[in-house]
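Peer 1: Supplied in structure tokens, the structure appears directly below.
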Amino acid sequence: SGCVMHVADDYPSDKNHTHINETKWDIQELSKESYFKTFNKEPSNIKVSKISYDNYDSAIVSTIFYEDDNDNKSTFMVIQYKDNNSKDVVVDCTGSCDCRERYFPSTGAIECTCSPCSMIISEKK
């Protein structure tokens with residue numbers, strides 16, 4: 001199998017990181033949407049605590065970790081495909097278990113790590 005680079009940033013450490021295209025993706029807005037889907041209520045004071053990056057042959061996979069003032073924490077994933085024909089996607093697993101997103105670089109498959117869980121996928125051009 002190929003070599004994989006894994007990087008984690010405290011966010012927002014500096015705005016010069018180029019892993020995620022923030023002109024295309026509003027991380028704060030996506031965090032608020034994910035929070036609403038995960039906790040079924042409007043978020044107050046969401047902060048992104050960390051973004052981890054996995055640079056695979058076919059895609060850059062970013063996992064965004066966020067939390068609110070009451071220590072409710074969750075994640076969602078942004079997959080930016082390297083071929084120009086595929087649209088980038090946001091993957092969000094939500095449910096009553098501590099649901100996380102998992103990407104398999106060998107096949108491109110995506111799964112949620114526990115059940116009961118729902119996977120929500122949205123595309124971005």
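The values are calculated or read from the model by the stated rules, or taken from the named source; none is laboratory data. Worth saying up front: this structure is predicted, and the values here are computed from it rather than measured. No Cβ is skipped: glycine too gets one built from the backbone with ideal geometry, and neighbour counts run over all protein chains shown.
Peer 1: So SER118 ticks every box in (1) closer than 20 Å to SER31 by Cβ; (2) at pLDDT 90 or above but one. Which box is left unticked?
Peer 2: With respect to (1) closer than 20 Å to SER31 by Cβ; (2) at pLDDT 90 or above, SER118 is out only on (2).
Peer 1: Could you list all residues from region 101-125 that are surrounded by 17 or more Cβ atoms within 10 Å (Cβ to Cβ) and not acidic (Asp, Glu)?
Peer 2: Hits for region 101-125 are TYR103, ILE110, CYS112, CYS117.
Peer 1: Quickly run through region 90-125 and pick out the residues that are over 14 Å from the mean Cα position of the chain (by Cα), part of a strand (DSSP E or B) and polar (S, T, N, Q).
Peer 2: SER118
Peer 1: When you check GLU33 against the structure, is it modelled with pLDDT of 90 or more, surrounded by fewer than 14 Cβ atoms within 10 Å (Cβ to Cβ) and under 14 Å from the mean Cα position of the chain (by Cα), yes or no? Spell out how you get there, then give the answer.
Peer 2: On the way: modelled with pLDDT of 90 or more: yes; surrounded by fewer than 14 Cβ atoms within 10 Å (Cβ to Cβ): no; under 14 Å from the mean Cα position of the chain (by Cα): yes.
Answer is no for this residue.
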